[in-house]
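One structure below.
The values are calculated or read from the model by the stated rules, or taken from the named source; none is laboratory data. Nothing here was measured: the structure is a model prediction, and the numbers come from that model. Reconstructed Cβ throughout: ideal geometry from the backbone, glycine too, with neighbour counts over all protein chains shown.
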Amino acid sequence: MADDVLQRLQDMSDDSLALHTALRTAANRPLRSQTSHVTTARHLSDRALSLLLHLATQPALTTGEGLHALSHVARVAQTTQEAAMQLTTGLAREVEHERAATAAGGAPVVVVGPSPQQHRLAAVDLLKRVPNFCAAARDRLAAAEGRCSAGVSPSVPLPASCSNPSVPQVGRPCL
């Protein structure tokens with residue numbers, strides 16, 4: 001498989017680890033910081049889905065190892081989408097809690113359902129899986145290329161939509 005596809009999988013793995021670390025170490029972050037994490041997770045999800053859609057059109061990946069590779073890339077896309085959803089839901093719950101506390105004027109507020117922290121922890125658990133899926137996809141893609149190297153090469157340049165534009169920095173504090 002083209003080196004750029006393998007590099008994109010490595011970049012997604014690295015980015016998910018950076019977001020995982022940022023979320024794991026984030027305690028009570030301001031809403032702007034939480035919004036930045038949601039944006040980063042959505043961006044990661046979009047990149048994974050774009051890569052999956054690109055690879056799915058490659059005829060050399062329609063059997064054996066190629067299908068296994070596509071399965072792992074699909075898991076990356078699914079997992080990152082679920083993590084983004086958990087972070088978005090947690091952000092919405094945080095805003096809901098703040099609104100309820102403001103409306104109550106100091107009286108205790110009881111909110112039913114998972115807390116924003118529980119949603120963040122669910123996203124952390126999901127993001128922890130992404131590097132393993134990326135590594136498995138890279139291994140399967142490399143194996144698929146090895147079997148196809150005698151015939152038609154599956155190396156097709158990625159469209160511009162699959163490129164890795166700058167990802168919002170999760171390590172910087174947001175003000």
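Observations
- When the stretch 22-47 is limited to residues that are surrounded by 15 or more Cβ atoms within 10 Å (Cβ to Cβ) and of a type in the set (S, T, N, Q), the one that is farthest from residue 73 (Cα to Cα) turns out to be 33.
- Residue match in the stretch 36-51 (condition: over 16 Å from residue 6 (Cα atoms), out of contact with any strand residue (DSSP E or B) (no Cβ under 8 Å at 6 or more places or on another chain), part of a loop (DSSP other than H, G, I, E, B) and β-branched (Val, Ile, Thr)): no
- Evaluating residue 66 against the criteria (1) at pLDDT 95 or above; (2) touching a Cys at 6+ places or on another chain (Cβ under 9 Å); (3) more than 25 Å from residue 25 (Cβ to Cβ) leaves one unmet condition, (1).
- Filtered residues of the stretch 55-82 (kept if in contact (Cβ under 8 Å) with a residue 60 or more places away in the chain and over 18 Å from residue 135 (Cα atoms)): 58, 59, 60
- Exactly one residue out of 33, 16, 71 is over 20 Å from residue 145 (Cα atoms), at pLDDT 90 or above, small (Gly, Ala, Ser) and part of a helix (DSSP H, G or I), and it is 16.
- Criterion violated by residue 123 - all others in (1) surrounded by fewer than 20 Cβ atoms within 10 Å (Cβ to Cβ); (2) under 24 Å from residue 35 (Cβ atoms) satisfied: (1)
- For the stretch 95-113, the tally of residues that are surrounded by fewer than 12 Cβ atoms within 10 Å (Cβ to Cβ) and not in a helix (DSSP H, G or I) stands at 7.
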